[in-house]
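Down below is the structure, laid out as structure tokens.
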Amino acid sequence: MAETRTRKRRGGGRAGAAARRGAAVIEQMPWSPPINIDQPTEPLGAEGIEAIHDGAMRILEEIGIEFYNEEAISILREAGCTINGDNVRMGRDFVMEMVAKAPSTFTITPRNPDRTIEIGGKTMLFGNVSSPPNYWDMEIGKKVPGNREMCRNLLKLTQYFNCIHFAGGYPVEPVDIHASVRHLDVLYDKLTLTDKAMHAYSLGKERVEDVMEMVRIAGGLSHEEFEATPRMYTNINSTSPLKHDHPMIDGCLRLARRGQAIVVTPFTLAGAMAPVTMAGAVAQSLAEALCAIALFQYVRPGIPCVIGTFTSNVDMKSGAPAFGTPEYMRSTQMTGQMARFYGLPMRSSGVCAANVPDGQSVWETSNSLWAAVQSGTNMVYHAAGWLEGGLIASPEKFIMDCEVLQQIQRYMQPELCATGPDEIALEAIRSVGNDGHFFGIQHTQDRYTTAFYQPFLSDWKNYEGWEIAGGIWTAERAHLLFKEIIGSFEAPPMDEAIREELVDFVARRKAEGGAPTDF
């Protein structure tokens, strides 16, 4: 990755771009997580914030959340919560006291410290598509179950693109690997093909413990060094409405005790798993997230936690999930206001319901991504590659989405809004006067390579030029880039002794049976 990090920031005109990038497949923007310089969109007034907060607190106080985890029940009983079987009710004073212990910003340091990410404040981070069971690309031309090669190729895209800042869950489930050892093979691939921040699925003791150990080995860390600062993270979903399952809470407790970061993201589809009104769905989502964050803060005060939103709506005609809708955008903005109210970093997503990388997929994901901008989101999950409501991962969609992510990064650069003498450009305007043009003047020549965003995927030729060049549609161009990137990919360096230790660990854990399954 040294080449991509040192590559020029971006190029100028159309004709010169290919020559300037040399052997590189594309000339992309540098690794530079964007800082959101915009004021957030805030649809709620003070009364609205208070109403949603009160609704969330009343859910916790009067209705309660089911915790299907005996250890969590025991901890919350000790904390003074009201326990009735699996149902836990907790007072708002306790919740707010615990949530206040969570840091508003923190860092995650992966095996390559140059890829350290800060979560919180105004920083925006983008992650790859995570967890679809199926895969689609233009060569196959149909929806198929994911396998290890597909997963590896999507991990290569995750590493290649500088606008992807963290490696989420499996970019597609490799169902050709048995579930008992899948986490071992995929994490080995993630750690050797990428050097970005790692994710662990909180799905049982063995998987979480294995991932923590593999991340520790890959970083060349002692146990003390691993636990001294976050090196990885997990994301869990509540089982809406109003439930937390056993393995996800168990995994988070294990990570919390070792100082690793936790993202809590209820999956609340308005009209199905949450009220049909967006305020009600947001209030329920907050209740489900805050009770878990309160638990983790009680266990280890100050453990990094992120509040996530995955509140959207269903198609009331079919019951199918919908994404990138006006309702999704507003619920994300509202949750952003509430995250700031609680002083917590926020996670949202770049999602769509489209089945293939077509126009619908672009506008729905773009709506989702701009809602992340407007809400002040810090971590954007599924920012590249997501289709069919999370059931399909696509490399073409991944590359198309990265074009949008780069445009967001460029949009956030403060020089676009600079107002110094060089930017006001009175002398340039004076030199052109009333009947000239700006193409050839020195002011333009000094800036022509950096003045405007230069796309790597969009085609700005006129129709005739596009037709002469083959009339290639966007998804086809993305497919060709995918093949070029995979064909020229070079994995980031890793010390051979560390690689061998990872190989030995995977082999030993496979011999021990990996993680238990019921099949």
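The values are calculated or read from the model by the stated rules, or taken from the named source; none is laboratory data. Bear in mind the structure is a predicted one, so any value in this text is a computation, not a measurement. No Cβ is skipped: glycine too gets one built from the backbone with ideal geometry, and neighbour counts run over all protein chains shown. For the accessible areas, the whole protein counts, side chains as well, though only heavy atoms, and no ligand, DNA or RNA atoms are used. Shrake-Rupley method; radii C 1.70, N 1.55, O 1.52, S 1.80 Å.
So here's what we get for this one:
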read-out	value
Calculated diffusion of the range 375-519, Stokes-Einstein form, Kirkwood radius summed over Cα pairs, 4 °C and 1.567 mPa s, µm²/s	62
1.4 Å probe accessible area per residue over the range 458-519, in Å²	67
FRET efficiency, 1/(1 + (r/R0)^6) with R0 56 Å, evaluated for ASP422 and ASP518 via beta carbons	0.25
Exposed-site-free run, longest, the chain (rule: GluC sites (Glu not before Pro); DSSP loop; at most 13 other C-beta within 10 Å)	140-489
Considering only the chain, percent of DSSP beta bridges that pair antiparallel, nearest 5	35
Between helix 326-342 and the chain: long-axis angle, C-alpha atoms, 0 to 90°, nearest 10	60
The range 167-319: C-alpha gyration tensor shape, a/c 1.5 cut-off, then a/b vs b/c	oblate
Furthest towards positive pole of dipole, VAL276, LEU391, HIS223, structure part the chain, Cβ charges	HIS223
Gyration tensor (alpha-carbon) shape descriptor, the range 318-446, a/c threshold 1.5	prolate
Built amide H within the under 5 Å cut-off of CYS163, gap 5+	none
Burial ranking of peptide ranges 294-302, 439-447 (average Cβ count within 10 Å, highest at the top)	294-302, 439-447
Amide hydrogen neighbours beyond the local backbone of VAL306, cut-off 5 Å, H modeled	ILE262, VAL263, VAL264
Volume per residue that the Cα convex hull of the range 383-429 spans, once the total is divided by residue count, Å³	88
Dimensions in Å of the range 347-391 - Rg and Dmax from alpha carbons	9.9, 29
Accessible area of the range 424-490 belonging to carbon and sulfur atoms, whole % at 1.4 Å probe	58
Approximate shape of the range 159-203 as ellipsoid semi-axes (Cα gyration tensor, √5λ), whole Å, largest first	20, 10, 9
Helix 496-511 axis, angle to the chain major axis (alpha carbon atoms, nearest 10°)	40
Cα gyration tensor shape of the chain, rounded if a/c is under 1.5, else prolate or oblate by comparing a/b with b/c	prolate
Distance between modelled label sites at ILE83 and ASP495, nm, 7 Å Cα→Cβ extension	4.4
Whole-percent carbon and sulfur share, accessible surface of the range 228-332, 1.4 Å	60
Added length on full extension, which subtracts the Cα-Cα distance from 0.36 nm per residue, ASN462 to ILE486	5.7 nm
Whole-number accessible area per residue in Å² for the range 282-327, which is evaluated in the context of all protein chains at 1.4 Å	28
Amide hydrogen neighbours beyond the local backbone of LYS243, cut-off 5 Å, H modeled	GLU66
Rg(Cα)/(2.2 N^0.38 Å) for the range 323-371, N = residue count	1.25
Beta bridges per DSSP with both ends in the range 127-284, % antiparallel, nearest 5	15
Computed E for SER431/GLU476 - FRET, C-beta separation, R0 35 angstrom, nearest 0.05	0.20
Globularity index of the range 236-374, i.e. its alpha-carbon radius of gyration over 2.2 N^0.38 Å	1.07
Share of alpha-carbon pairs per 5 Å distance bin for the range 300-347, given as whole %	5, 21, 22, 18, 13, 10, 7, 4, 1, 0
Degrees between helix 359-375 axis and first principal axis of the chain (Cα, 0 to 90, nearest 10)	70
The range 63-133, accessible surface, carbon-and-sulfur percent (1.4 angstrom probe)	45
Per principal axis, descending, Cα span of the range 119-231 in whole Å	48, 37, 21
